[in-house]
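The values are calculated or read from the model by the stated rules, or taken from the named source; none is laboratory data. Not measured: the values here are computed from a predicted model. All Cβ positions, even for glycine, are placed from backbone atoms using ideal geometry, and neighbour counts span all protein chains on display. Just the protein is used for accessible areas: all its heavy atoms, side chains included, with ligands, DNA and RNA removed. Shrake-Rupley method; radii C 1.70, N 1.55, O 1.52, S 1.80 Å.
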Amino acid sequence: MESVPVGQDGTAPDERTLQATVALSEDGMDIAQARHLAAGFLTRVQAEHGLPISRRAMDLTQLVVSELVTNARKYAPGPILLDLRIAGDTVEVVVWDSDPVLPAARAADAGRVGQHGLEIVMAVSQGFEAQREPVGKRITARIALLDDPGGELAGRQRL
């Protein structure tokens with residue numbers, strides 16, 4: 001086994017960590033701010049690092065960010081942290097909030113109005129994880145950066 005020097009951020013010297021993190025305010029503008037941050041992050045990654053990102057990935061990332069931040073704002077008091085990072089051929093959307101209760105997808109109900117955000121996130125993500133933290137919880141969703149040649153996204157995998 002070959003040893004590779006690792007930097008303080010845990011990456012090898014030839015690896016780039018592409019990441020953006022923001023603490024969202026409670027002024028009611030945080031959901032739109034989060035969507036704009038996600039779009040700007042992916043646009044910069046594409047322009048500055050030449051990483052190919054499909055239009056679908058751009059749209060789905062903004063949708064997932066919107067749903068996760070909306071849920072955090074609705075159910076958790078206090079601050080919200082949004083972290084976006086490139087991990088291989090996916091973008092990871094990580095949302096931390098102060099409520100330790102893990103979300104649970106509800107059973108399908110065609111008559112239910114609203115409260116479909118978590119199901120939407122799980123349906124469009126290639127990976128989803130909800131994890132308790134020492135304070136609050138962290139929700140992570142992974143979205144494929146590219147569609148496959150057949151136009152379908154890669155199979156969904158548990159993180």
Residues with amide H under 5 Å from that of LEU145, placed H, sequence gap 5 or more: THR90, VAL91
Solvent exposure ordering (accessible area, 1.4 Å, most first) of ASP147, ASP83: ASP147, ASP83
Hz values of 3J(HN,Hα) by residue in region 49-65 - Karplus curve (6.51, -1.76, 1.60), Gly and Pro given as x: 10, x, 7, x, 9, 6, 4, 4, 4, 4, 5, 5, 4, 5, 4, 4, 4
Dipole axis of region 17-107 (+1 Lys, Arg; -1 Asp, Glu on Cβ), positive-most option in VAL64, LEU81, THR17: VAL64
